[in-house]
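See structure below.
The values are calculated or read from the model by the stated rules, or taken from the named source; none is laboratory data. Please read all numbers here as calculations on a predicted model, not as lab measurements. Don't worry about glycine lacking a Cβ; one is built from the backbone with ideal geometry, like all the others, and counts go over all protein chains shown.
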Ligand SMILES: [Zn+2]
């Protein structure tokens with residue numbers, strides 16, 4: 001038998017830090033609740049105005065930064081806000097019609113986009129993602145509010161806008177949470193509120209089950225090392241076919257025509273539907289590997305590897321989004337249910353390694369759906385083999401998969 005090389009696990013992205021303390025203590029988590037709003041016409045107008053202001057301020061701050069940078073006089077968030085406030089009443093008096101917190105958050109969003117850009121430059125990432133100007137053509141967009149926000153059974157109160165009806169009653173918790181902010185966004189003609197809140201939940205018991213590896217694919221959505229297979233939902237393929245038809249229809253429509261606008265709206269709706277179907281399917285996977293099986297650790301692939309090796313063109317773009325979303329879901333659910341979440345090292349050949357004996361194949365074609373080991377004779381489904389390898393990483397790593405760095409990083413939970 002060959003000795004399995006120790007491939008580094010990355011440091012945990014989500015760790016249940018207070019393991020073994022028992023389930024008595026409470027812990028605070030940040031989570032979001034997203035629900036649809038039912039605004040009246042006046043409120044729709046106010047939503048549009050606030051989204052417009054958020055976009056305007058973001059663009060103003062971006063232009064200002066570029067200008068000052070080129071003049072050799074870089075600026076920062078606080079300086080920018082001061083200058084903007086000094087001139088806004090004179091130059092942009094209409095901003096007064098909207099809540100101040102929206103302006104404030106737009107400045108912050110730009111600042112975050114800048115910091116992310118610099119972080120990527122420092123890291124040497126290829127796609128640096130310099131902040132881009134927001135255009136009305138990309139959609140109405142969104143705005144964020146904080147401060148005086150209240151929730152009741154069937155309505156939510158926003159600063160300056162007042163009580164807005166909720167489409168789904170009783171979904172937003174109306175007590176026992178601290179509301180941090182609300183993001184209001186438009187999608188395909190519908191308005192949604194995403195409420196960020198701090199919630200007290202009882203500290204979960206640490207998971208004790210066998211660790212689980214998740215292999216994420218295109219043909220099948222995900223394969224877990226315990227043998228559970230998650231197929232892509234059939235509704236997804238159907239919806240995607242419909243989207244393609246609509247896109248062909250759009251190509252036939254005359255620019256600027258009413259029919260073109262109609263088709264565009266249909267496409268936006270279809271996109272939203274596809275995103276929902278996909279998200280729902282991913283929740284099934286993330287629920288299974290955390291709350292349902294309660295393992296001690298979940299191992300997922302590194303985001304880049306999963307994207308790079310498995311997919312082509314369009315499929316890649318789609319799966320990247322899904323993979324990021326799946327990982328995000330597993331991360332926060334891991335925290336809720338006391339499960340550690342780690343990623344495998346970037347160069348770990350999860351597909352090429354035999355889960356039976358650990359020998360590594362030099363070559364494995366994408367078309368080979370079965371993994372056949374020449375050393376030990378194991379024949380196993382390709383994806384299941386990869387998932388099993390990911391799961392077994394935890395056992396061959398010292399200190400229970402906490403990684404060689406030993407960092408105990410706790411991630412913020414977001415929904
Ligand atoms: Zn083997």
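Please give the helices (runs of 4 or more DSSP H) falling wholly within segment 37-139 in which 2 or more residues are surrounded by 15 or more Cβ atoms within 10 Å (Cβ to Cβ) and in contact with a strand residue (DSSP E or B) (Cβ under 6 Å, 6 or more places away or on another chain).
41-70, 100-123
Among the candidates 227, 213, 207, which residue alone is surrounded by 15 or more Cβ atoms within 10 Å (Cβ to Cβ), part of a loop (DSSP other than H, G, I, E, B) and modelled with pLDDT of 85 or more?
Only one candidate passes the filter, namely 207.
Which condition number does residue 408 fail, the rest of (1) at pLDDT 85 or above; (2) more than 13 Å from the ligand (Cβ to nearest atom) being met?
It is condition (1) that residue 408 fails.
Which pairs have Cβ atoms under 7 Å, sit 6 or more apart or on different chains, and link a residue in segment 336-361 that is at positive phi to one that is within 16 Å of the ligand (Cβ to nearest atom) and part of a loop (DSSP other than H, G, I, E, B)?
Final answer for the pair search is 358/2; 358/4.
List the number of the failed condition for residue 179; all other conditions in (1) assigned to a loop (DSSP other than H, G, I, E, B); (2) in contact with a strand residue (DSSP E or B) (Cβ under 9 Å, 6 or more places away or on another chain) hold.
(1)
For segment 173-190, how many residues meet the condition of being modelled with pLDDT of 95 or more and touching a helix residue (DSSP H, G or I) at 6+ places or on another chain (Cβ under 7 Å)?
1
Does segment 327-353 hold any residues that are within 20 Å of residue 295 (Cβ to Cβ), part of a loop (DSSP other than H, G, I, E, B) and more than 15 Å from the ligand (Cβ to nearest atom), and which are they?
338, 339, 345, 348
Run residue 309 past the list (1) modelled with pLDDT under 85; (2) surrounded by fewer than 19 Cβ atoms within 10 Å (Cβ to Cβ); (3) touching a strand residue (DSSP E or B) at 6+ places or on another chain (Cβ under 9 Å) and report the number of the one that doesn't hold.
Just one mismatch for residue 309, condition (3).
Mind checking whether some residue in segment 131-139 is within 23 Å of the chain's Cα centre (by Cα), modelled with pLDDT under 90 and closer than 26 Å to residue 49 by Cβ?
yes
Just name the residue that is farthest from the ligand (Cβ to nearest atom) out of those in segment 371-391 that are in a strand (DSSP E or B) and either under 17 Å from residue 213 (Cα atoms) or touching a residue at least 12 places away in the same chain (Cβ under 8 Å) (or both).
The extreme case among them is 381.
Of everything in segment 246-260, what is in a helix (DSSP H, G or I) and surrounded by 12 or more Cβ atoms within 10 Å (Cβ to Cβ)? Give them in sequence order.
The answer is 246, 247, 249, 250, 259, 260.
Among the residues of segment 354-370, how many are within 9 Å of the ligand (Cβ to nearest atom) and closer than 19 Å to residue 223 by Cα?
3
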